[in-house]
Amino acid sequence: MYILIVHVKKEMSSFDVHSIVNEMIPLVGSHVDNVFQWGSNILLRVNVSGKGKRNIFFKERKWLYLPEKKPETPDVSQSFAMFLKKHISNARIGKIYQIGFDRIVVVEVLKANFDYKIIFEMFGGGNVLLTLDGKILNCIVCKSLKDRSIKPGEIYRPPKSRFNPVLSSFEEFALIVKSSEADIVRTLATGVNLGGQYAEEVCIRSGILKNTKVFSLDNDDIKKLFDSVKNVIAQMINSSFAVIYSNDKEIVDVTPINMNIYGRFHMEEYDSFSKAMDKYIDDMEKHTDVEILKLQKRINKQEEAVKQYREGARELREEANAIYTNYQPIDELLKILCIQSQKLSWDKLKESAMKVSFVSEVDPSTSSITVVFDNLRIPLDYTKKIDANASSLYARSKEISDKASRADIALKESVEVLNKKQIEMSSAVAVTKFRPTKRFWFERYKWFILPSGRMAIAGKDAHTNDDVVKKHMEEGDIYVHADIHGAPSVILKEGKGSPKEDLREVCTFALAHSKSWTTAFSDGSAYWVYPDQVSKTPQAGEFIPRGAFIIRGKRNYEFRLPIELAVGEIKFEGVRKVMCGPLQSVQKLSSKYFVIRPKKDKVEKISALMADEFQVPEEEVSRVLPPGNSEIVSKVWIGIENDQT
């Protein structure tokens, strides 16, 4: 299996799902307030009595968690969300549970006399379904699989249950292990249903090498493995925290328990799995290359397709083999039904066949019957002889195996493309003149730090303008805006009570990042207000475009602000960063800086020149500069002779 080098964790494990379900239990009794859908994301907003609103977020149909802050949602939801709202708006949440030890979460929602279920599936590309009395009303993805059909009108059937290590006895565990022909880590990962990282964890805790072949284990070894499995499960059940493991470049994993396999990595504890997931996804979105992410998603789908094809082919072979293993009773049944089908009505034929102990279903309209042997449901055509039925299953198995082979070839081609892309990226990094500095969360916006230690952040476009206010503005902050149309929203964190010079600096920053820079004005004005004066709710007849806000009440203006900035080298949390901000702030924090002003005429690109001076990649300079053309007014290197322009 291919692992993306940017982030190791590709999906939630059954252990993760168990932890999230535990965190969701307090939502029982709350009411569904709203439903949003955008792309492959689903968000349920629920009202929790006495605690306000909470979020159930199913991101990219693979990550289910409870983010503290509401993700940004579209103004108009897609059709599936509208369907959910129609049926479950204001419905009360009943039980929340995991099906077995599978990656399926069921949320019961009760409205009037209706017992709905929202079902989140975190495998095979993910899915969300709404059912009523067991029947599927709607779903995001319709599928027709061998053992179940996922589409409106069908009875919802989860995939065939896998081994549940939480409830298993030692005897059941030992039977699974002893029947395996693989090494112990693969047996634990697939046969015992632990997944890769927990299988390795069990091997370490039991002191048994992971590549040990199962046939070489004695009963004492199997007991050690069983005890280690139960130890991991007990820790998971009793866990009230989560851990993020990371190295210098990336987050390696998010787990609900401490893991010995990650002993060499840095660990950071969180008091909930959702908070850890929030951190992981935020980090993933900041660092993942878009093209690589698309390729990885394609690879994940192709891996799942290969897995399903091979599993389907294996099941069909097992069914065909079971026909011959149980040759006599099946042969007699087919002969009798073939004769009766010519004499009896459909109802009589079905009534007669269902009296046979190993018959589970009969459908005379398709001449089909389903028998159960060796825990296998075997479909048969009773108008055909036993050999023809077995041959049909073998032929279907061969057909699906061929599909698996073709899908595997496509998968390998995708992996080659991804490897090539990553090599190209690695080569590009290798030839970069300077290594990039550590990137922080606020660098997705325009930003600067005041000498007082306060931070100001500003939107770069309509989308990030909304983000700055909706995600980051809190009570105690100050909202700043230049007195010009289209200027960015600027937030001074913890700005309430700031001295006048700090507020003027932030107003200068807001003005410089507006159209005043591109039009090369010499000065301008800006104002500041408190958070409760900022609103996205229009009055009758008003229209608010994306990224804009309504300001109500008194505006505190700063006039004759200079349209001038400085770009300097500062230290933030011990890390060297290039910052662009008002001259006075940069002067007090930096001993190396350039003073810049807007320039109407096109000038030589200054970001490359400054990048060489600061010894950082050019992109780190260009992303902090204001919009439009700039010219360097002066270069100040304290202790060194400076250049004036």
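Taking each residue of region 181-208 that is at pLDDT below 90 and looking for partners that are among the small types (Gly, Ala, Ser) and open to solvent by less than 30 Å² (accessible area, probe 1.4 Å) with beta-carbon atoms closer than 7 Å, six or more apart or interchain, yields GLY195/SER13; GLY195/SER14; GLY195/ALA189; GLY196/ALA189. With respect to being open to solvent by 20 Å² or more (accessible area, probe 1.4 Å) and assigned to a helix (DSSP H, G or I), ASN389 falls outside the description. Do we find a residue being part of a loop (DSSP other than H, G, I, E, B), among the aliphatic types (A, V, I, L, M) and surrounded by fewer than 24 Cβ atoms within 10 Å (Cβ to Cβ) anywhere in region 513-523? Yes, that holds for at least one residue. When SER19, SER30 are checked against the criterion of being modelled with pLDDT of 90 or more, touching a helix residue (DSSP H, G or I) at 6+ places or on another chain (Cβ under 7 Å) and among the polar types (S, T, N, Q), a single residue qualifies: SER19. If you go through region 220-236 and keep only what is open to solvent by 70 Å² or more (accessible area, probe 1.4 Å) and more than 20 Å from GLY195 (Cβ to Cβ), you end up with ASP220, LYS223.
Right, PHE101: open to solvent by less than 30 Å² (accessible area, probe 1.4 Å), closer than 26 Å to LYS85 by Cβ and not in a helix (DSSP H, G or I) or not? Against the criterion (open to solvent by less than 30 Å² (accessible area, probe 1.4 Å), closer than 26 Å to LYS85 by Cβ and not in a helix (DSSP H, G or I)), PHE101 does not qualify. Look through SER360, SER352 and report the one residue that is in a strand (DSSP E or B) and among the polar types (S, T, N, Q). Selected residue: SER360, the only one of SER360, SER352 that is in a strand (DSSP E or B) and among the polar types (S, T, N, Q).
Kindly establish whether VAL141 is β-branched (Val, Ile, Thr) and part of a loop (DSSP other than H, G, I, E, B). First the steps, then the outcome.
On the way: β-branched (Val, Ile, Thr): yes; part of a loop (DSSP other than H, G, I, E, B): yes.
Here the answer is yes, as VAL141 does meet what is asked.
Taking region 24-60 as the range and being open to solvent by less than 50 Å² (accessible area, probe 1.4 Å) and either farther than 19 Å from LYS85 by Cβ or among the small types (Gly, Ala, Ser) (or both) as the test, the residues that pass are MET24, GLY29, SER30, SER40, GLY52, LYS59, GLU60. Does ILE409 count as at pLDDT 95 or above and either open to solvent by less than 30 Å² (accessible area, probe 1.4 Å) or not in a strand (DSSP E or B) (or both)? So ILE409 fails the test. Only residues that are within 15 Å of TYR156 (Cβ to Cβ) and not aromatic (Phe, Trp, Tyr) were counted across region 88-118, and they come to 12.
A count restricted to region 304-313 and to residues that are open to solvent by 30 Å² or more (accessible area, probe 1.4 Å) and in contact (Cβ under 8 Å) with a residue 12 or more places away in the chain stands at 5. A Cβ distance below 6 Å, combined with a sequence gap of six or more or placement on separate chains, defines the contacts here; from region 128-153, residues that are closer than 28 Å to GLU399 by Cα reach residues that are among the charged types (D, E, K, R) and not in a loop (DSSP other than H, G, I, E, B) in the pairs ILE150/LYS143. Pairing residues of region 248-268 that are under 16 Å from CYS203 (Cβ atoms) with residues that are in a loop (DSSP other than H, G, I, E, B), at Cβ distances under 7 Å and at least 6 apart in sequence or on separate chains, gives ILE257/SER239.
The values are calculated or read from the model by the stated rules, or taken from the named source; none is laboratory data. All values derive from a computational prediction rather than experimental measurement. FYI the Cβ positions are ideal-geometry reconstructions off the backbone, even for glycines, and counts take in every protein chain you see. Please note that ligands, DNA and RNA were not included when accessible areas were found on the heavy atoms of the full protein model with its side chains. Shrake-Rupley method; radii C 1.70, N 1.55, O 1.52, S 1.80 Å.
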